[in-house]
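Everything below concerns the one structure shown next.
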Amino acid sequence: MNTHPLIQDCTKVTGLSSIQVAGAIGLILSKLRENINPEDFQKIKSTIPGVPDLIQQAPTTKKGLLGKLAGSVGGDKAKLLMEVSQGLSKLGIPTSEQKPLAKALSASVEKHYPELKPVFEKLAG
């Protein structure tokens, strides 16, 4: 079993496999790297162990027609959510499990890395 605290917490709460959870966390981290300022991402990278390894486990997502449509209707956040949902589906994580996974990951980050809370609060707007 993977010993990364985020993966352990999320697998325990969701029942998803450690491979699915590691890929999901990597996907989120890769999207954060693309969408936040470099200083904030560097803080995440220097705080959470194994960020590069987690990102390597992320599935690739493409910016297809649905992503462009979501972007034109709902802006960048809608496009980002569409890409994340697409990636999670590639990992075999059904839509019904995506919100519980997001809540578990958020709680785990806050528990293990409370110093990152301001970074994530900025993202929430």
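Observations
- Filtered residue count, the stretch 1-51, keeping only those that are closer than 20 Å to Thr61 by Cβ, surrounded by 17 or more Cβ atoms within 10 Å (Cβ to Cβ) and without any contact (Cβ under 8 Å) to a residue 12 or more places away in the chain: 1
- Out of Lys45, Lys111, sole residue that is modelled with pLDDT of 95 or more, over 14 Å from the mean Cα position of the chain (by Cα) and basic (Lys, Arg): Lys111
- Gly71 falls short on exactly one of the conditions (1) modelled with pLDDT under 90; (2) surrounded by fewer than 17 Cβ atoms within 10 Å (Cβ to Cβ); (3) farther than 18 Å from Thr95 by Cα, and that condition is (2).
- Leading residue by the ranking (modelled with the lowest pLDDT) among those in the stretch 74-104 that are charged (D, E, K, R) and closer than 26 Å to Asp9 by Cβ: Lys77
The values are calculated or read from the model by the stated rules, or taken from the named source; none is laboratory data. Quick caveat, the model's predicted, so the values are computed rather than measured. Neighbour counts run over all protein chains shown; Cβ positions are idealised from the backbone, glycine included.
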